[in-house]
Amino acid sequence: MKTLLRASAVALLLLGGGRLAAQESGIPVGSKAPAVTVNDLEGKPVDLGRYIGKQPVLLEFWATWCELCEELLPRVRAAQAAYASKVEFIGVNVTVNQTRDRVRRYVDSHQPGFRTLYDDQGTSIRAYKVPTTSYVVVIDRAGKVAYTGTGGTQDLEGVLRRVTQD
């Protein structure tokens, strides 16, 4: 029952967000990025502290059914192609109406260009105050949140250019 309530709360949070402008909600820009641990698709824990504070990180909170995530995907791929050597790209699947197998099939067919995590415990969703899917958090090399935004037309190139020049 507790899992069902948590999933329902996350679903309401994610589905109710709609299109938000950058920095309207979620973790505040300028705050220290939480170095939480989230499982990968094999169920193995991944400590985000391995990356945060060492190099810039782009986190996208997404789902296979998210239309805005699909719209954002070409921008994520282009950013990853341009900045893969300077930025760690991590896609956190929010697991609402998702199974590991469904996410694996999606990743295999769409090749999103990021390391995929499966947040079935809601750890990173709570830590980053995720308002909706297609939510992107860019963390600078000092471990501070440099950008947050939602939607399919985010300027990832501009923010990554800025955080890789610092």
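The values are calculated or read from the model by the stated rules, or taken from the named source; none is laboratory data. Nothing here was measured: the structure is a model prediction, and the numbers come from that model. All Cβ positions, glycine included, derive from the backbone under ideal geometry; neighbour counts span all protein chains shown. Just so you know, the surface numbers come from the protein's heavy atoms only, side chains and all, with ligands and any DNA or RNA stripped out. Shrake-Rupley method; radii C 1.70, N 1.55, O 1.52, S 1.80 Å.
Could you please let me know if GLU60 is open to solvent by less than 10 Å² (accessible area, probe 1.4 Å) and of a type in the set (Asp, Glu)? Yes, satisfied. Taking GLN154, is it farther than 12 Å from LEU58 by Cα and modelled with pLDDT under 95? When the stated conditions are applied, GLN154 does not pass them. Quick check: is even one residue across region 126-144 touching an Asp or Glu at 6+ places or on another chain (Cβ under 8 Å), modelled with pLDDT of 95 or more and in a helix (DSSP H, G or I)? No, every residue in region 126-144 fails to be touching an Asp or Glu at 6+ places or on another chain (Cβ under 8 Å), modelled with pLDDT of 95 or more and in a helix (DSSP H, G or I). Consider THR116 against the criteria (1) modelled with pLDDT under 95; (2) of a type in the set (S, T, N, Q); (3) in contact with a Gly (Cβ under 7 Å, 6 or more places away or on another chain): it satisfies all of them except one. Which criterion is unmet? Exception for THR116: condition (1). Applying the condition of being closer than 17 Å to GLU67 by Cα and either open to solvent by 20 Å² or more (accessible area, probe 1.4 Å) or of a type in the set (Gly, Ala, Ser) (or both) to region 116-149 and asking which residue is nearest to the chain's Cα centre (by Cα) yields SER134. Out of contact with any Leu (no Cβ under 7 Å at 6 or more places or on another chain) and in contact (Cβ under 8 Å) with a residue 40 or more places away in the chain: does that describe THR116? No.
Please go through region 84-97 and pick out each residue that is touching a Phe, Trp or Tyr at 6+ places or on another chain (Cβ under 8 Å) and not acidic (Asp, Glu). Once the filter is applied, which keeps residues that are touching a Phe, Trp or Tyr at 6+ places or on another chain (Cβ under 8 Å) and not acidic (Asp, Glu), region 84-97 yields PHE89, ILE90, GLY91, VAL92, ASN93, VAL94, THR95, ASN97.
The set of residues in region 42-57 that are open to solvent by less than 50 Å² (accessible area, probe 1.4 Å) and either closer than 9 Å to GLU88 by Cβ or out of contact with any Asp or Glu (no Cβ under 6 Å at 6 or more places or on another chain) (or both) comprises GLY43, LEU48, GLY49, TYR51, ILE52, GLY53, PRO56, VAL57. Residues in region 96-144 that are aliphatic (A, V, I, L, M), more than 12 Å from ALA63 (Cα to Cα) and touching a strand residue (DSSP E or B) at 6+ places or on another chain (Cβ under 6 Å): VAL130, VAL136, VAL137, VAL138, ILE139. Applying the criterion of being more than 13 Å from GLN154 (Cβ to Cβ) and of a type in the set (D, E, K, R) to the residues of region 63-100, the residue that is least open to solvent (accessible area, probe 1.4 Å) is GLU88.
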